1. Among all residue pairs at least 6 apart or on different chains, which show Cβ distances below 7 Å where the first residue, located in segment 32-46, is under 14 Å from Leu329 (Cβ atoms) and the second is of a type in the set (Asp, Glu) and surrounded by 14 or more Cβ atoms within 10 Å (Cβ to Cβ)?
2. Inspect all residues belonging to segment 243-254 and state whether any of them is in a helix (DSSP H, G or I), at pLDDT 95 or above and within 20 Å of Pro76 (Cα to Cα).
3. Looking at (1) in a helix (DSSP H, G or I); (2) surrounded by 13 or more Cβ atoms within 10 Å (Cβ to Cβ), find the lone condition where Ala78 falls short.
4. Any residue in segment 322-335 that is aromatic (Phe, Trp, Tyr), surrounded by fewer than 20 Cβ atoms within 10 Å (Cβ to Cβ), touching a residue at least 12 places away in the same chain (Cβ under 8 Å) and out of contact with any Gly (no Cβ under 6 Å at 6 or more places or on another chain)?
5. Only residues in segment 252-267 that are among the polar types (S, T, N, Q) count as the first member; pair them with residues that are within 9 Å of the ligand (Cβ to nearest atom), Cβ under 8 angstrom, at least 6 apart or cross-chain, and list the lot.
6. Among the numbered criteria (1) surrounded by 20 or more Cβ atoms within 10 Å (Cβ to Cβ); (2) within 16 Å of the ligand (Cβ to nearest atom); (3) not in a loop (DSSP other than H, G, I, E, B), which single criterion is violated by Leu118?
7. Please go through segment 211-238 and pick out each residue that is more than 7 Å from the ligand (Cβ to nearest atom) and outside any loop (DSSP other than H, G, I, E, B).
8. Do you know which residues across segment 239-259 are closer than 29 Å to Asn209 by Cα, near the ligand (Cβ under 10 Å from one of its atoms) and of a type outside the set (S, T, N, Q)?
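The values are calculated or read from the model by the stated rules, or taken from the named source; none is laboratory data. These figures come from a predicted structure and were not determined experimentally. For neighbour counting, all protein chains shown are included, and Cβ atoms are generated from backbone atoms with ideal geometry for every residue, glycine included.
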Amino acid sequence: MAWINENFLKLSAGYLFPEIARRVKVFCDANPELALKVIRCGIGDVTEPLPEVAVTALREGVDDLAIRERFQGYGPSAGHDFVRGAIAQSMFRDCGVDIADDEIFLSDGSKPDASHFLELFGSGNVIGVPDPVYPVYVDTNVMAGNTGVMKDGRYQGLVYMEATPENGFVPEPPSQPVDVAYLCSPNNPTGSAMNRAALTRWVNWALSNDTLILFDAAYEAYIRDNDIPRSIFEIPGAKKCAVEFRSFSKNGGFTGLRCGFTVVPKELTGRTRDGKRIPFHGLWSRWWSTCSNGVSWPVQKAVAALCTPQGQKQMKALCDFYLANAAILRKAIAAQGLQVWGGENAPYVWLKCPAGLTSWDAFDVLLREAQLVTTPGAGFGNCGEGFLRVSAFNSRANVEEAGRRLALLSAAPSKR
Ligand code: PLP
């Protein structure tokens with residue numbers, strides 16, 4: 001008899017993206033003549049080819065595996081030293097942030113990292129999550145048994161940190177203490193980003209409450225405003241209270257290739273029940289050597305190539321392309337007289353639905369009337385109700401067409 005992890009049974013039935021896929025399929029099956037017109041600005045997946053430096057390095061990596069003298073087998077679990085060093089130098093030390101090579105742990109992406117990191121925690125931690133939230137933070141905590149059941153759209157036991165138009169979609173530290181708090185900046189789904197003052201308030205609060213911040217910086221490459229930190233470690237004291245998740249998915253287009261990393265400072269500690277402080281660095285090293293054999297050789301070579309000056313230039317060009325898409329979407333939405341946020345330091349645009357429409361109403365209107373797929377804000381949490389996320393990850397032609405079709409949303413209430 002294999003007993004199951006019954007926490008899985010607490011998960012709310014329709015994960016957001018399968019539900020979107022289901023509605024799109026129902027629409028396309030019922031309207032085959034319109035199926036080809038569908039433009040997908042829903043899921044946040046990149047559309048453009050990989051930077052040239054990465055392609056060249058991948059080819060070289062495959063050649064290495066084909067030649068006996070250059071063959072590579074298992075590497076160190078947390079990544080080859082030259083790759084960890086290239087990341088620490090180009091993405092941190094060159095930006096004035098003192099991170100050591102061995103504080104970088106290479107992985108197959110920041111979604112798996114955010115999930116696996118929970119294995120380092122004991123039971124009974126109080127977890128704080130933003131609302132709206134990247135659903136992975138919530139569901140992985142449900143699976144890990146860190147929550148009760150869902151009631152009125154929220155899991156009992158979690159502390160929801162509300163992001164609203166009033167706080168610019170940047171939650172303040174909660175009034176009650178939490179043991180672990182997730183922050184995501186630039187934010188998925190709202191496209192907001194935390195400025196230096198806001199992030200400093202969070203770090204100081206975490207230090208005085210002995211809270212661990214799990215800082216998701218998967219979209220840092222989209223930051224263009226100098227007052228927005230690219231890393232939480234730009235804030236004094238953060239190495240004592242935070243880990244940072246990074247990804248090559250959205251800066252290097254690696255969503256299909258898979259690579260990310262987590263920064264775990266050596267001075268970061270957690271508590272045992274009998275009051276000892278234990279560094280997370282050692283625990284995470286142990287997790288990697290026990291549970292993984294790391295990232296493939298060609299992918300690691302591609303990551304090292306992205307860290308070169310030429311690679312960084314190509315990544316910036318890729319992000320600039322998606323940011324220009326976001327600007328087109330913002331302009332089109334504002335032209336409809338709708339309120340719009342995000343899209344300036346993030347590849348997501350967040351809009352307020354016309355009065356009288358819920359998120360799913362607005363989603364259905366755009367699918368039905370405009371064959372445009374967006375993401376309903378309500379799928380990211382109660383505070384997302386009444387908002388829609390539009391992803392800027394698409395071709396220029398599709399984004400320009402999506403901008404035109406968005407006009408059908410402001411016309412929607414009179415059509416219903
Ligand atoms: N973190 C956030 C906030 C995301 O939006 C995403 C992907 O959409 C990820 C992490 C996942 O990144 P990866 O592809 O590296 O697993």
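1. If the second residue must be of a type in the set (Asp, Glu) and surrounded by 14 or more Cβ atoms within 10 Å (Cβ to Cβ), the pairs left are Ile39/Glu401.
2. No, that holds for no residue.
3. Unmet condition: (1).
4. Start the filter on segment 322-335 by keeping residues that are aromatic (Phe, Trp, Tyr), which leaves 322.
Retained after the next criterion (residues that are surrounded by fewer than 20 Cβ atoms within 10 Å (Cβ to Cβ)): none.
Scanning segment 322-335 turns up no residue that is aromatic (Phe, Trp, Tyr), surrounded by fewer than 20 Cβ atoms within 10 Å (Cβ to Cβ), touching a residue at least 12 places away in the same chain (Cβ under 8 Å) and out of contact with any Gly (no Cβ under 6 Å at 6 or more places or on another chain).
5. Thr255/Asp45; Thr255/Ser249; Thr262/Ser107; Thr262/Ser110; Thr262/Asp113; Thr262/Phe245; Thr262/Arg246
6. Tallying (1) surrounded by 20 or more Cβ atoms within 10 Å (Cβ to Cβ); (2) within 16 Å of the ligand (Cβ to nearest atom); (3) not in a loop (DSSP other than H, G, I, E, B), Leu118 fails exactly one: (1).
7. Within segment 211-238, Leu212, Ile213, Leu214, Phe215, Glu220, Ala221, Tyr222, Ile232, Phe233, Glu234, Ala238 qualify.
8. Of everything in segment 239-259, those that are closer than 29 Å to Asn209 by Cα, near the ligand (Cβ under 10 Å from one of its atoms) and of a type outside the set (S, T, N, Q) turn out to be Phe245, Arg246.
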